Amino acid sequence: VTVRVRTAAEIAAVLEANPFTDEAPNRTVAIFLDGKPPKDAIERATNVRNERLALGVREIYVAYGDGMADSKLKIPAATVGTARNMNTVAKLAAMAAGS
């Protein structure tokens, strides 16, 4: 398994590309993947209630409208990814940029 670490610019780009800026950042996550998400990743998700999903370059964005605690959302394409909320992504971007 090859794991590719994000550069400072790539982390900043993930934050910038967040399609759910109208949602609370602590309820919106980027699921970081090692490669490009499959084009059908959203269609293959199950138990979708009020969550919204969008594909990124090597990420899947999820806005959990009512929060993650009661969500039953399953995203098969994200089983090997790691999710971080937008507050954390912003902190990581600032750290990586040397701020």
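The values are calculated or read from the model by the stated rules, or taken from the named source; none is laboratory data. Please read these numbers as outputs of a predicted model, since none were measured by experiment. For neighbour counting, all protein chains shown are included, and Cβ atoms are generated from backbone atoms with ideal geometry for every residue, glycine included. Surface areas here come from the heavy atoms of the whole protein model, side chains and all, with no ligands, DNA or RNA. Shrake-Rupley method; radii C 1.70, N 1.55, O 1.52, S 1.80 Å.
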Does ALA94 meet the test of being touching a Pro at 6+ places or on another chain (Cβ under 6 Å) and either in a helix (DSSP H, G or I) or within 23 Å of ALA8 (Cβ to Cβ) (or both)? no
Does at least one position in segment 79-88 carry a residue that is open to solvent by 30 Å² or more (accessible area, probe 1.4 Å), on the phi < 0 side of the Ramachandran plot, without any contact (Cβ under 8 Å) to a residue 60 or more places away in the chain and more than 13 Å from the chain's Cα centre (by Cα)? no
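On the given criteria, is VAL14 at pLDDT below 95 and either of a type outside the set (Ser, Thr, Tyr) or surrounded by 16 or more Cβ atoms within 10 Å (Cβ to Cβ) (or both)?
So VAL14 does not fit the description; no.
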Select from segment 57-73 the residues that are buried (at least 18 other Cβ atoms within 10 Å of the Cβ) and not aliphatic (A, V, I, L, M) and write down the one among them that is farthest from VAL5 (Cα to Cα). TYR64
Residue in segment 58-73 that is β-branched (Val, Ile, Thr), within 24 Å of LYS36 (Cα to Cα) and out of contact with any strand residue (DSSP E or B) (no Cβ under 6 Å at 6 or more places or on another chain) present: no
From ALA30, ALA54, ALA45, ALA24, residue being open to solvent by 10 Å² or more (accessible area, probe 1.4 Å), closer than 16 Å to ALA90 by Cα and not basic (Lys, Arg): ALA24
